[in-house]
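These notes are about the structure you will find just below.
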Ligand SMILES: Nc1ncnc2c1ncn2[C@@H]1O[C@H](COP(=O)(O)OP(=O)(O)OP(=O)(O)O)[C@@H](O)[C@H]1O
Ligand SMILES: [Mg+2]
């Protein structure tokens, strides 16, 4: 029996989700985690590529990265990375699989959590299902520095939900006027509903740095004038044929062509991200993130959770 369990233990240790985490939870230690959602008003502006390449670049910078694939549509993150998720959170809820069994290993040791759960499903969970899921999700805290959330586009309740859960929101935008107006609409809705959020602008598909700055100027004039809100310029990613070449091979461009212009921009973006202040308690607490994600009703069960 002991022999049969050994490989599983090895996998657990390799992945860093071993007894260390359980001990940390028991000791009530908290490790602050940066939770970042990547979103956009208009579709197809490169969110999934940004998430995957940012994750890869952050791994190069020794950050432990977890991606929450929260795009309930075609869930193209796995396709982009050439990965085939066998299971999702649904399997945990059904008691058929553990978190370790549903997590996917991406390139350079990034972890991907295939969610396939929207706000609708989350609100329909029974208290027992929430507890079961939460106790598994909390094992991730001690082995994560950055949680990246890949959202769908637009202002659906699902997208809004995941954005409001995040500590930082990266709005991905292209220089096209339709993308800029959609980004503005998105910021407007998010800012009206959830004050205090910081919006970082990332301009993809630029011809040069000046074009990214110009988009930033246009959007900040709109947000400062009408919303009295400043946005932070994170940077730009150039249009680069290497990105599509990598996508065709189901690899991230930062891995396949590390020195191409887009890859270099992704790396400098990652460097900026790690210099963003990691929130202290309570916002940097991933446990609270999971709890909020799973809904307020979890609070009623609080006493039974050993934190
Ligand atoms: N900097 C870039 N240079 C060239 N092509 C790019 C760049 N960024 C993204 N692309 C291409 O744009 C397409 C859309 O990218 P991606 O799937 O990441 O967008 P998305 O915002 O996640 O889309 P959706 O809204 O459908 O989820 C892909 O085919 C990708 O290869
Ligand atoms: Mg996408």
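Viscosity 1.002 mPa s, temperature 20 °C: give me the Stokes-Einstein translational D for the range 136-275 in µm²/s, with Rh taken as the Kirkwood radius over C-alpha pairs.
131
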Discussion item. Need the full-extension length gain, residue 60 to residue 207, defined as separation in residues times 0.36 nm minus the C-alpha distance. One decimal, nm.
Written reply: 50.3 nm
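Sort the following peptides by mean Cβ neighbour count (other Cβ atoms within 10 Å, averaged over residues), highest first: 78-91, 127-140, 148-161.
148-161, 127-140, 78-91
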Worksheet entry | Distance between modelled label sites at residue 84 and residue 128, nm, 7 Å Cα→Cβ extension | 3.4
Discussion item. Can you compute the modelled spin-label distance between residue 227 and residue 157, with each label point 7 Å from Cα toward Cβ, in nm?
Written reply: 2.2
Worksheet entry | Per-residue Cβ neighbour rank within 10 angstrom, fewest leading, 193, 97 | 193, 97
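What is the extension gain from residue 105 to residue 181, computed as 0.36 nm multiplied by their sequence separation minus the C-alpha to C-alpha distance, in nm to one decimal?
Working: separation 76, 0.36 × 76 = 27.36 nm, distance 3.64 nm.
Additional length available on full extension: 23.7 nm.
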Fill in: Antiparallel content of DSSP bridges confined to the range 89-226, in %, to 5
25
Item to complete: Compare the peptides 213-220, 243-250 by average per-residue count of other Cβ atoms within 10 angstrom and give them in order, highest first.
Response: 213-220, 243-250
Worksheet item: How much of the DSSP beta bridge set in the range 32-290 is antiparallel, as a percent to the nearest 5?
Response: 10
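Where a number appears in this text, it was derived from the coordinates with a stated rule and is not lab data. None of the values given here were measured: they were computed from a predicted structure. Methodologically, a virtual Cβ is constructed for each residue, glycine included, from the backbone with ideal geometry; neighbour enumeration extends over all protein chains shown.
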